[in-house]
1. For the stretch 11-48, give me each residue that is part of a helix (DSSP H, G or I), under 17 Å from Lys65 (Cβ atoms) and not charged (D, E, K, R).
2. Search the stretch 46-60 for residues being more than 30 Å from Ala5 (Cβ to Cβ) and either acidic (Asp, Glu) or touching a helix residue (DSSP H, G or I) at 6+ places or on another chain (Cβ under 9 Å) (or both), and hand back the single one that is least open to solvent (accessible area, probe 1.4 Å).
3. Within the stretch 1-10, track down each residue that is closer than 19 Å to Asn64 by Cα and open to solvent by 60 Å² or more (accessible area, probe 1.4 Å).
4. Under 9 Å by Cβ, and 6 or more places apart or on different chains, what pairs join a residue from the stretch 49-64 that is without any contact (Cβ under 8 Å) to a residue 24 or more places away in the chain and part of a helix (DSSP H, G or I) with one that is among the basic types (Lys, Arg) and open to solvent by 80 Å² or more (accessible area, probe 1.4 Å)?
Amino acid sequence: MYTKASNQHLDEAGMTRWQHFKHAINIAWRLEKAMLAVFIHAFFPKCFQSYASNTCATIAKENNKI
C-alpha cells in the first residue's frame, strides 16, 4: 500500500503510520487556525498580530526535533 519512499519517510521520522497521520493532522489543524488568524488580521490589524508567525515558528522548531 505504501511506496518504498513513504516507508523510508516513516522510518526517518521514527513514527508508525498512525503516529505520522496524527502528527500531520495536528499540524494541519494548527496551520488552519493560523490561516484564520491571518485572515482576521488582514481586516483588523490589531488582532492576532503575531499568532500565525509564532505558530509557524513553533511548528518548525518541533519538527526539527523529530
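The values are calculated or read from the model by the stated rules, or taken from the named source; none is laboratory data. Since we're looking at a predicted model, the values are computed, not measured. Here the Cβ is made from the backbone with ideal geometry for all residues, glycine too, and neighbour counts use every protein chain on show. Only protein heavy atoms, including side chains, enter the accessible area calculation; ligands, DNA and RNA are left aside. Shrake-Rupley method; radii C 1.70, N 1.55, O 1.52, S 1.80 Å.
1. Residues satisfying the conditions are Ala13, Gln19, His20, His23, Ala24, Asn26, Ile27.
2. Out of the qualifying residues, it is Ala52.
3. Of everything in the stretch 1-10, those that are closer than 19 Å to Asn64 by Cα and open to solvent by 60 Å² or more (accessible area, probe 1.4 Å) turn out to be Gln8, His9.
4. Sorted first by the residue in the stretch 49-64, then by its partner, the pairs are Tyr51/Lys33; Ala52/Lys33.
The rows are residues; the columns are (1) open to solvent by less than 50 Å² (accessible area, probe 1.4 Å); (2) at pLDDT below 95.
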position	(1), (2)
Glu12	no, yes
Ala24	yes, no
Ala37	yes, no
Phe44	no, no
Glu62	no, yes
